[in-house]
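Everything below concerns the one structure shown next.
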Amino acid sequence: MNSTMKLAYGVVLGALVVMLAGCPPEPKEAIEFSNASLDFERSELPIFLQVWNNNPEVASFTLFATPSDSWIVLNTRTLSSAGPSGANGDLDKQTVQVSVDRTRLTAGDHVGAISFSASGIVTREVEVRVTQDQDGTLNALNVINPVVTYSSPYLIDFSFSLRDEGGDTVVRDPSELVIAAREGAESVASETGVHIQRGAARQLKVALVLDYTLSMQSTEGAIAAMEEAAKNTLLPALNEDALVSITEFHREDMAAMEVVPFTIDHTFIANGIDSIQPDIVQGFSAASRMLDALLDAANTFDAATTADEERYIIVFTDGNDTSSSISTNDVVNRALDRGIRIYAIDFGTNSVATDLQDITTRTDGTLFNAASISSLDGAFQRIVQDLDGQYNLRWASLSRDSNSFLPGFTLTLDGDSVTHTATEEFVPTRYAGNGVLEGQLRFVTSESETATTVFLRADYVPRFIRQFSIHLTSDTNFAVSAVNGDNDGLFAGWSMTETPDTENGGVTLEFVSPDDPIPFGTFGPMLRVDFDTLLGENDPLFSTVFVDNSIYETTGGQSFVVTGYDNTPPKQKKD
């Protein structure tokens with residue numbers, strides 16, 4: 001070979017070496033799935049896809065999951081899997097929760113995909129199919145989870161939340177919401193007293209159910225973050241008369257424990273939460289009886305006052321129920337029977353949260369995912385926002401016959417409107433009660449470690465109430481104050497005169513409005529009564545409760561009754 005040929009050969013060989021050195025290695029086949037495709041059809045429940053590394057030559061990989069469309073929702077977009085140790089090695093299967101956001105779907109059949117990719121690995125896709133029977137996309141303003149309730153005297157109540165087109169809760173002052181109510185096809189006259197209030201104006205009861213099982217304890221910082229969010233995010237956001245209880249569960253051989261009964265005392269609640277780890281768990285945590293705990297919490301709600309309260313269970317858990325003796329149907333049926341909505345925060349990054357999704361969906365609640373400790377507080381804040389975005393629309397029908405109709409309303413905010421119509425007919429004669437002149441009041445009790453507190457609440461107020469007088473006598477010392485406007489108090493801005501009854505040991509309280517009467521037909525807290533000690537189970541709150549209805553003799557004949565008390569005047573002082 002002459003020198004010229006040697007030189008040419010060397011140049012070609014060198015170029016080939018350089019070219020080969022610059023080529024990346026062929027990507028490896030390593031991704032395997034439990035399902036090649038996911039077909040949701042019409043189901044609103046999530047489907048769980050398992051993904052793993054099936055190539056022994058790949059020590060591990062980090063996969064990035066990317067949905068093709070916004071209606072495909074994943075609980076995580078990053079996951080890692082180690083390769084099998086050999087031909088028959090264990091597989092490091094990872095779970096991805098796949099859900100469908102139907103508010104982003106128009107009517108019809110939809111097909112999308114989830115792409116799984118990693119450096120040096122062949123990208124693979126899982127097909128996702130769903131059927132949507134009707135247009136599910138949200139408008140600029142949407143009524144969510146509406147519930148209609150009928151009660152005496154002739155009262156029509158719609159409870160609901162508002163969402164915008166992005167699915168976010170709409171929190172606005174009720175005075176900004178413009179309402180046009182209907183009874184059948186007829187517009188409701190202004191004399192009915194149509195008004196909208198914050199849902200918090202109703203008696204709010206929240207049972208907080210906390211997971212202290214071994215799987216939760218194994219996630220560093222999870223328990224502390226859960227306790228911190230409950231004490232410092234949820235509690236400060238509630239009205240002062242909101243009743244909160246605490247239930248914990250931590251091992252499969254023990255029933256859930258109610259640590260704190262329903263109370264308004266935030267310090268009592270916080271101390272109860274702080275006592276769970278050292279005094280109840282005591283370092284012994286095990287498997288989960290989550291469903292049993294939820295049923296126990298639901299049973300603490302009184303069946304008699306369902307229509308008068310806004311009720312919620314908020315459960316914080318990693319979603320891994322292993323040992324309950326009941327089913328999700330038992331929990332859902334009891335919740336629906338007691339008027340409870342269940343909210344859940346799922347802290348399990350790889351948990352199978354089918355139970356939580358099922359329970360929250362069927363009770364008109366919401367499931368929030370908190371895949372990391374840093375996102376936990378945000379999940380609690382979303383629950384607080386959702387509670388703030390609850391509204392109650394009420395009016396007292398003027399119809400007095402037995403002809404039925406479907407009530408409805410149109411709500412307008414910032415130029416956007418939404419319309420809703422009840423599906424259950426209202427028959428006026430079924431809800432006459434004692435007539436529209438009789439106001440309905442009741443006491444709601446809260447206990448702490450050292451004292452009892454009572455709120456006087458109105459469930460219905462007749463027309464043109466500009467003054468109010470009540471006498472209270474008890475064997476236990478107490479102090480009385482009016483509930484302020486920030487907590488939806490009906491006497492906010494009114495003058496109060498307190499006159500001690502030295503003869504009977506009680507007090508007479510007189511309230512006078514500076515201008516407008518209490519809105520007709522409304523409800524809400526009126527007075528707070530703080531006793532200076534904790535009353536016993538058999539100790540009566542008051543020996544005398546007397547509303548002076550004589551002050552209405554010349555204003556229309558209105559009156560008030562207090563549930564559980566005869567309206568007996570205090571004993572008169574003898575001359």
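The values are calculated or read from the model by the stated rules, or taken from the named source; none is laboratory data. Small disclaimer: the values here were computed from a predicted structure and weren't measured. When we count neighbours, we look across all protein chains shown, and the Cβ atoms used for this are built from the backbone with ideal geometry, even at glycine.
General observations
- Residues of the range 69-83 satisfying the condition of being more than 22 Å from residue 29 (Cβ to Cβ) and in contact with an Asp or Glu (Cβ under 9 Å, 6 or more places away or on another chain): 70, 71, 72, 73, 75
- Members of the range 260-306 found to be of a type in the set (Val, Ile, Thr) and within 22 Å of residue 359 (Cβ to Cβ), listed by number: 300, 306
- Residue pairs meeting the criteria (Cβ under 7 Å; at least 6 apart or on separate chains; first part of a loop (DSSP other than H, G, I, E, B), in the range 142-160; second surrounded by 18 or more Cβ atoms within 10 Å (Cβ to Cβ) and polar (S, T, N, Q)): 154/397
- Residues in the range 292-325 that are surrounded by fewer than 14 Cβ atoms within 10 Å (Cβ to Cβ) and over 30 Å from residue 152 (Cβ atoms): 322, 325.
- Filter result for residue 275 (out of contact with any Ser or Thr (no Cβ under 8 Å at 6 or more places or on another chain), surrounded by fewer than 16 Cβ atoms within 10 Å (Cβ to Cβ), over 25 Å from residue 171 (Cα atoms) and modelled with pLDDT under 95): no
- When residue 49 is tested against (1) surrounded by fewer than 14 Cβ atoms within 10 Å (Cβ to Cβ); (2) modelled with pLDDT of 85 or more; (3) of a type outside the set (D, E, K, R), exactly one condition is not met: (1).
- Exactly one residue out of 85, 151, 117, 99 is out of contact with any strand residue (DSSP E or B) (no Cβ under 6 Å at 6 or more places or on another chain), of a type in the set (S, T, N, Q) and either closer than 22 Å to residue 42 by Cα or at pLDDT 90 or above (or both): that is 151.
- Within the range 449-468, the residues that satisfy the criterion of being crowded, with 19+ Cβ neighbours inside 10 Å and either more than 30 Å from residue 271 (Cα to Cα) or in contact with a helix residue (DSSP H, G or I) (Cβ under 7 Å, 6 or more places away or on another chain) (or both) are 458, 459, 460, 461, 462, 465, 468.
- Considering only residues in the range 174-201 that are in contact with a strand residue (DSSP E or B) (Cβ under 8 Å, 6 or more places away or on another chain) and polar (S, T, N, Q), the one that is modelled with the lowest pLDDT turns out to be 192.
- Qualifying residue in the range 402-412 (condition: more than 30 Å from residue 557 (Cβ to Cβ), in contact with a Lys or Arg (Cβ under 7 Å, 6 or more places away or on another chain), of a type outside the set (Ser, Thr, Tyr) and part of a strand (DSSP E or B)): yes
- Of all residues in the range 561-575 being in contact (Cβ under 8 Å) with a residue 60 or more places away in the chain and crowded, with 16+ Cβ neighbours inside 10 Å, the one that is nearest to the chain's Cα centre (by Cα): 562
- Of the strands (runs of 3 or more DSSP E) contained entirely in the range 195-277, those carrying at least 1 residues that are within 22 Å of residue 324 (Cα to Cα) fall at 203-211, 243-249, 257-263.
- Selection count, the range 73-123, where residues are over 29 Å from residue 375 (Cα atoms) and not hydroxyl-bearing (Ser, Thr, Tyr): 16
- Hits in the range 523-560 - residues which are within 32 Å of the chain's Cα centre (by Cα) and among the β-branched types (Val, Ile, Thr): 529
- Filtering the range 502-535 to residues that are buried (at least 20 other Cβ atoms within 10 Å of the Cβ) and at positive phi leaves 521, 524.
- Test for residue 154: is it crowded, with 17+ Cβ neighbours inside 10 Å and at positive phi: yes
- In a residue-by-residue description of the range 278-287, the property of being free of Cβ contacts under 8 Å to residues at least 40 places away in the same chain and among the aromatic types (Phe, Trp, Tyr) applies to at least one position.
- The set of residues from the range 413-428 being outside any strand (DSSP E or B) and in contact with a Ser or Thr (Cβ under 8 Å, 6 or more places away or on another chain) comprises 425, 427, 428.
- Number of the condition not met by residue 480 [criteria: (1) assigned by TED's automatic domain parsing to the domain that holds residue 547; (2) among the hydrophobic types (A, V, I, L, M, F, W, C); (3) surrounded by 20 or more Cβ atoms within 10 Å (Cβ to Cβ)]: (3)
Matching residues to (1) crowded, with 17+ Cβ neighbours inside 10 Å; (2) within 10 Å of the chain's Cα centre (by Cα); (3) part of a strand (DSSP E or B):
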{"residue": "378", "(1), (2), (3)": "no, no, no"}
{"residue": "383", "(1), (2), (3)": "yes, yes, no"}
{"residue": "386", "(1), (2), (3)": "yes, yes, no"}
{"residue": "391", "(1), (2), (3)": "yes, no, yes"}
{"residue": "394", "(1), (2), (3)": "yes, no, yes"}
{"residue": "399", "(1), (2), (3)": "yes, no, no"}
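- Residue 324 falls short on exactly one of the conditions (1) part of a helix (DSSP H, G or I); (2) modelled with pLDDT of 90 or more; (3) of a type outside the set (Lys, Arg); (4) more than 19 Å from the chain's Cα centre (by Cα), and that condition is (1).
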